[in-house]
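The values are calculated or read from the model by the stated rules, or taken from the named source; none is laboratory data. Remember, predicted model here, so these are calculated numbers, not experimental data. Cβ placement follows ideal geometry from the backbone for every residue including glycine, while neighbour counts extend to all protein chains displayed. Ligands, DNA and RNA are excluded from the accessible area calculation, which covers all protein heavy atoms including side chains. Shrake-Rupley method; radii C 1.70, N 1.55, O 1.52, S 1.80 Å.
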Amino acid sequence: MNGIEVIKEALKNIPESSGVYRMIGEGERLLYIGKAKNLKNRVTNYTIINGLSSRIARMVFQIVKVEFTATATESQALMLEAHLIKHNRPPYNILLRDDKSFPYIAIDNSHDFPRIYKYRGSKKKNISYYGPYPTAFAVNQTIKTLQKLFLIRPCENSFFSGRKRPCIEHEIKRCTAPCVGKILKEDYAGLIASAKDFLSGRSDEIKHSLQEKMQAASDSFNYEQAAFFRDRITALSTIQSKQPINCQTVKDADMIAVFAKGPFVAIQVFFIRNSYILGNTAYFPKGTEDMSHSEILEIFAASFYETKPVPEIIITNVALEDKTILENALKEISGNTTEIIIPQKGEKKDLITMAENNARLALEKKLAEEENATSILKKIEQLFGVKKEIRRIEVFDNSHIFGKNAIAGMIVAGFDEESKWGFQKKLYRKFNVDSGEKETGGDDFYMMKQALTRRYERIKSSDTPDYPEIVLIDGGAAQLTAAYEVFKELNILDKFTFIGIAKGPDRNAGNEEFYMLGREPFRLEPNSAELYFLQNIRDEAHRFAITSHRNKRKTSFLSSALTEIPDIGTVRKRALLNYFGSVKAIEAATIEQLSKVDGINKATAEKIHSYFH
C-alpha cells in the first residue's frame, strides 16, 4: 500500500475527538506529529494530495503506519504534541533548539552572611531567585553591579570559611569581608535587604534611603561615613542611567514576537521583570514552511515553557485563532493562570513592535552570516582543492610544558541543525597523550600522531563513519608528515583534505603558511576573509588546548600535594578540595574544621593536620 492507502485504512479507527496523530515511515521512523480538534477530519486532509505542499506530499508517500492518541481537550493535545516533537524531533515537524536553561541570580538566605551567585537548575528552599536572565553575561554584569553598590560577597562557602584575611574583592571595594569579621551580621543583613530591593525594582527607594543616611552621618559630623554613602549614591545614579528600558504599564511578563521572511522564521523572547527588560534571546525554528504564525506560536510556547517558568502574562504580535487553547495548555504546565495579550495600542503595542523589529534584525543578521560563511567556505574549497562541500572542519593542537601534563585538543567548526556555522563545543575532545618527555623533553609530532590515531580509528570503526571535509593541524611540514603517516596506516587518505597551518618566519599572525601534500607551502592574501576565517578556528583550537593543559596541570598539582597523606584517596581528595577550595586552605584548617568534611573522621583529620604541621 502507498501512503494514501495507509491513511485511508487508518481512518476506519480514528475518532472524531481531539488528540495527537503520528505519521510513521519504514523502520518505525517517526516522520510527523500533529494535533487536531477533530482527529478524523484532520487526518483525512492528508488523502487530498493536491491540497498539500510538495514537502508534506513527499512525507505522505513515505507513510507506512498511522497512530493516534485521543485527548480530553485541544489544550492537552497541544501539550502532548509539543512534548513528543521536542523529544523525538521528527524531520517534517517544526524543530526548535531550546534545551538550554536560563540563569538566575540567587541569594542564599540560609547562611549568616549570604552570598550572591549565578544559578541554573531547579529552585531550592531558603534561596531567593531573581530572573530569568537571557544570558550568563547579563547575570554576571548584574552581580558586579550589586557588588559595587552593596559590597556583597560572591565567593563559595568553602572559600569563605577558610579565609584568615580579606581577599582582593575587599581591596577593590566590592565586598565588606564578612569572612574575617569586617562587618556585623545585622549590618550585612541590611545590605542584603537593599540588594533584594534593587533586584525587585525599588532602586529609587534605595537611593532615597541612602540620601537620608548620608545626611544623618553629615549632621553627626561623621564625614567618612557620609562619604561612603555619597559614593554609593553616585554609583547607583550611574547604574540607573544605564539601566534597560523601564516599562510603565508592565511589571512582569514575557514578550514573544514572531517574524517571517519567506520560509525563514525568527522568534524573539524578551523578559520583563519588575518593570525592567532583563534582556532577550532569539530562536530560529526549522520546518515552519506549512505553518501559520498562530500555529508556530502555539507549538513554540508549549515546547518552550515545558521546561521554563511560565509567566502570568505573555505579550505577542501574533493573532491567535483561539488563544484559550494555549492559555489552558500553559495552565496545565504551571498550575497558574496565564493571560496572552495581543496589544493594539499604547505602551504594550510599542514594546511588542520593538520585539518584532528585533526578530526581523536577528533573522536578517543570521541569513547574512550564513550566506557569508557559505561564500567563504566555497572560496576555501577552491583554494585548497576540497572536492566536497565543507560542512565540518576538525582542528588539532598540542599543549605542554617540557612534556609535562601533555594534552592534545580537537575543536570542531561546522553547521548545526539550524544551518548556522559556528563552533560545535559539544563535539570538542581532549586527549591525554604521552609526550615522550623522557627521551626528548616533549615530542609534538609523537603527541599529534596519538591524537589523530585515536580520533580517526574510532570514526573508521563505527557503523556509519562520519568524516569531516577538512582536518586542520596546527604546525608545518613535520606535523603534516605525522598526519600523513597516521592516515596512510589507517587507509583513509582519500576521506578528507588535511592541511597544516603554521605562522610565518616571524611568528606573526597574518603571515601564516599552509602545507599540503604535493604542494609547496603557500600563503593566502593578507587580510582576506578566508585567512581570517582559518586563523579564527586555529586560534580556538589553540585556546582549547592551552586551557585543557592548564586545568590538567592544576589538577596534577593539587592532587600531588595530597598524594602522600595516609588514607587519602581520590574520593577524600575531592571532598577536601570541594569543601576548602584549595590546598592552601586545607593546610590552614584546624582538626575540627577538617572533621566537618564528608568522609573525614577525627583520626583522619589529625593525620592531615599533622602532615602539614
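Among ILE299, ILE277, which is in contact (Cβ under 8 Å) with a residue 24 or more places away in the chain, hydrophobic (A, V, I, L, M, F, W, C), at negative phi and touching a strand residue (DSSP E or B) at 6+ places or on another chain (Cβ under 8 Å)?
Only one candidate passes the filter, namely ILE277.
Is there a residue being open to solvent by 60 Å² or more (accessible area, probe 1.4 Å), under 26 Å from MET255 (Cα atoms) and not acidic (Asp, Glu) anywhere in the range 92-111?
For the range 92-111, residues open to solvent by 60 Å² or more (accessible area, probe 1.4 Å), under 26 Å from MET255 (Cα atoms) and not acidic (Asp, Glu): present.
Among what's in the range 269-284 and is open to solvent by less than 40 Å² (accessible area, probe 1.4 Å), within 17 Å of the chain's Cα centre (by Cα) and not hydrophobic (A, V, I, L, M, F, W, C), pick the residue that is nearest to ASP350 (Cα to Cα).
Going through the qualifying residues, I end up with GLY279.
Can you give me the number of residues within the range 178-201 that are part of a loop (DSSP other than H, G, I, E, B), in contact (Cβ under 8 Å) with a residue 24 or more places away in the chain and either in contact with a Pro (Cβ under 9 Å, 6 or more places away or on another chain) or surrounded by fewer than 16 Cβ atoms within 10 Å (Cβ to Cβ) (or both)?
The qualifying residues number 1.
Of everything in the range 157-177, what is surrounded by fewer than 16 Cβ atoms within 10 Å (Cβ to Cβ) and of a type in the set (A, V, I, L, M, F, W, C)? Give them in sequence order.
Within the range 157-177, ILE168, ILE172 qualify.
Please go through the range 87-133 and give me each residue that is assigned to a loop (DSSP other than H, G, I, E, B) and β-branched (Val, Ile, Thr), ordered by number.
Correct list: ILE94 only.
Each row is one residue, and each column tells you yes or no for (1) at pLDDT below 75; (2) small (Gly, Ala, Ser); (3) outside any helix (DSSP H, G or I); (4) surrounded by 16 or more Cβ atoms within 10 Å (Cβ to Cβ).
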{"position": "ASP204", "(1), (2), (3), (4)": "yes, no, no, no"}
{"position": "GLN215", "(1), (2), (3), (4)": "no, no, no, no"}
{"position": "ARG230", "(1), (2), (3), (4)": "no, no, no, yes"}
{"position": "THR249", "(1), (2), (3), (4)": "no, no, yes, no"}
{"position": "ILE256", "(1), (2), (3), (4)": "no, no, yes, yes"}
{"position": "ALA260", "(1), (2), (3), (4)": "no, yes, yes, yes"}
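Identify the single condition in (1) open to solvent by 20 Å² or more (accessible area, probe 1.4 Å); (2) of a type in the set (Gly, Ala, Ser); (3) at pLDDT 85 or above that ALA541 does not satisfy, given that it satisfies every other one.
It fails just one condition, (1).
Is one or more of the residues making up the range 60-67 surrounded by 20 or more Cβ atoms within 10 Å (Cβ to Cβ) and touching a Lys or Arg at 6+ places or on another chain (Cβ under 8 Å)?
The answer is yes; a qualifying residue exists.
Just one of the numbered conditions (1) under 30 Å from ARG174 (Cα atoms); (2) modelled with pLDDT of 85 or more is not true of ALA70; which one?
Tallying (1) under 30 Å from ARG174 (Cα atoms); (2) modelled with pLDDT of 85 or more, ALA70 fails exactly one: (1).
Any residue at all in the range 307-320 that's over 23 Å from the mean Cα position of the chain (by Cα) and either modelled with pLDDT under 85 or open to solvent by 70 Å² or more (accessible area, probe 1.4 Å) (or both)?
Yes: the range 307-320 contains one or more residues that are over 23 Å from the mean Cα position of the chain (by Cα) and either modelled with pLDDT under 85 or open to solvent by 70 Å² or more (accessible area, probe 1.4 Å) (or both).
Going by the conditions given, is VAL395 among the aliphatic types (A, V, I, L, M), open to solvent by less than 80 Å² (accessible area, probe 1.4 Å), modelled with pLDDT of 90 or more and assigned to a loop (DSSP other than H, G, I, E, B)?
For VAL395, the condition - among the aliphatic types (A, V, I, L, M), open to solvent by less than 80 Å² (accessible area, probe 1.4 Å), modelled with pLDDT of 90 or more and assigned to a loop (DSSP other than H, G, I, E, B) - is not met.
Between a first residue in the range 585-606 that is surrounded by 18 or more Cβ atoms within 10 Å (Cβ to Cβ) and a second residue that is not in a helix (DSSP H, G or I) and not acidic (Asp, Glu), which pairs have beta carbons less than 6 Å apart while being 6 or more apart in sequence or on different chains?
Within 6 Å, the pairs are ALA585/GLY162; LEU594/ILE600.
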